[in-house]
Amino acid sequence: MDNKKSIDKNDLSTDSKTARNAKEVLTGNSKKNIFARLLPFMGPAFIASVAYMDPGNFATNIQGGAKFGLELLWVIVASNLIAMLLQTLSAKLGIATGKNLAEHCRDHYPKGIVWMMWVVAELVAIATDLAEFLGAALGFNLLFGIPLIWAGLITAVITFMILGLEKYGFRPIEAVITAFVGVVGLSYLIEILIVKPNWGSVAYHMVVPQFSNTESILLATAILGATVMPHAIFLHSSLTKDRIVVSNPKLLKKLFKYEIVDVVVAMGAASFINMAMLIMAASTFHNSGLTNVGTIQEAHRTLQPLLGSASQYIFAISLLASGLSSSSVGTMAGQVMMQGFLHKHIPAWIRRLVTIFPSLLVISLQLDPTRTLVLSQVLLSFGLPFAIFPLIQFTRNKKLMGELVNKPITTFLASLVAGLVIMLNFFLIFELIIGGSHV
């Protein structure tokens, strides 16, 4: 049957310009070039990808690069490949079912389990928001010398403004978040051009796994927690569930292929930025013998004598852009998880106010922001199984997924990822509690 004739008026549920352009592409009626045809489908993965390059990544990657050089570069590559797989499954769940991951958990699990998962999700959301809020505040502090407490309040106000764009639809907020991602990416492209790393060594460490000691394994686990973010898995399924809705099976598969492109491009950009962070730290601090550069503030100060004054400002700008964008996305994810698990919704500004307090408490108690960031990323890794296992269960369910059900190899790889995460978490618990090691 001709695809164009098999489509009815209900195949796409929204009359927005983006959906109309997507319909033209999916039905083969678009006369635009390949890049223009991709545009209607680009956006959800870029919002989700912000979670993979937030200030927590700055903290773990700087420590990893300063202490161990390029040794942990392969961890970033592996983590981002895992992220691509999981975000693809999350996007597919939303496209195929019209519901997000948290909603499926509410529909299929006992009420007690759902409440427990929501509590874990909220703890993860608090840890996430702590890292993102502190990062943006540090960015303001490093750039303008604003005291952290006031920088935190400014961060809150700007986050409110970004979230306010939601009332104009998904495109404006997607554009703003993507612009922030562009700023972070451009900043680190400039940093890489300045430090001029040994590209042969970079290529080697991207593909050769190695650990030098227990501390490197702990940092690798923190990098995993900072890169594969549970709240982003919940969020992505919500971003795709009613963005472009199709019912025709052939169009559904075609839509999913375009979403894969969105994921690969967005996660590829996140991977580049994360690698650039570690390469910069390795090429400047580790190679200069400054292996104890363990905080973002130290990294900012030390860059000036090593690379010149411009580099420290580029670093601070990228941190600020990362913090503001990821803080907004974190609040969006928190709303999605509460609505999905409990079928309750609170205004974004109330949620934003509630999540501000832990961050302001850390600032007022003058706790080390970078160490707090790293420990928050470790906590995130504990929340991953509560997102990954349900995601695998639902996306392998033929009744739920229809034409987009997982292939056996996909389920196997995702299960392998879940097992790896659990193994690393048990190791981390043993070392931190029993072994007494420190991140």
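No value in this document is a laboratory result; all are computed from the given coordinates. For clarity, every value in this text was computed on a predicted model and none was experimentally measured. Glycine gets a Cβ as well: all are built from the backbone with ideal geometry, and neighbour counts include every protein chain shown.
Observations on the structure shown:
- For region 52-170, a simple Cβ point-charge model (Lys and Arg +1, Asp and Glu -1, everything else neutral) yields a dipole of about 200 debye relative to the Cα centre.
- Mean silhouette area of region 56-195, derived from the convex hull of its C-alpha atoms and averaged over all directions, reads 11.8 nm².
- Each peptide in 31-37, 322-328, 386-392 gets a packing score, the mean of other Cβ atoms within 10 Å over its residues, and the list from highest to lowest is 322-328, 386-392, 31-37.
- Ordering of 198-204, 123-129 by packing [mean C-beta count within 10 Å, highest first]: 123-129, 198-204
- Efficiency of FRET between F211 and I113 - r from beta-carbon atoms, R0 35 angstrom, step 0.05: 0.50
- Length gained when the stretch L420-I154 is fully extended (0.36 nm per residue, less Cα-Cα span): 91.8 nm
- Fewest-first ordering of R171, R20 by other beta carbons within 10 Å of each residue's beta carbon gives R20, R171.
- Taking Cβ atoms as reference points and 14 Å as the exclusive limit, the residues near A321 contribute a net charge of -3, counting Lys and Arg as +1 and Asp and Glu as -1.
- Here the calculated FRET efficiency for F144 and A36, from their Cβ-Cβ distance with R0 = 35 Å, stands at 0.35, rounded to the nearest 0.05.
- Positive contributions from Lys and Arg (+1) and negative ones from Asp and Glu (-1), summed over other residues with Cβ under 15 Å from the Cβ of G43, come out at 0.
- Given charges at Cβ of Lys, Arg, Asp, Glu: region 107-237 dipole, positive-most of I126, A222, V181: V181
- When each of the peptides 152-164, 98-110 is scored by how many other beta carbons lie within 10 Å of its residues on average, the order from highest to lowest is 98-110, 152-164.
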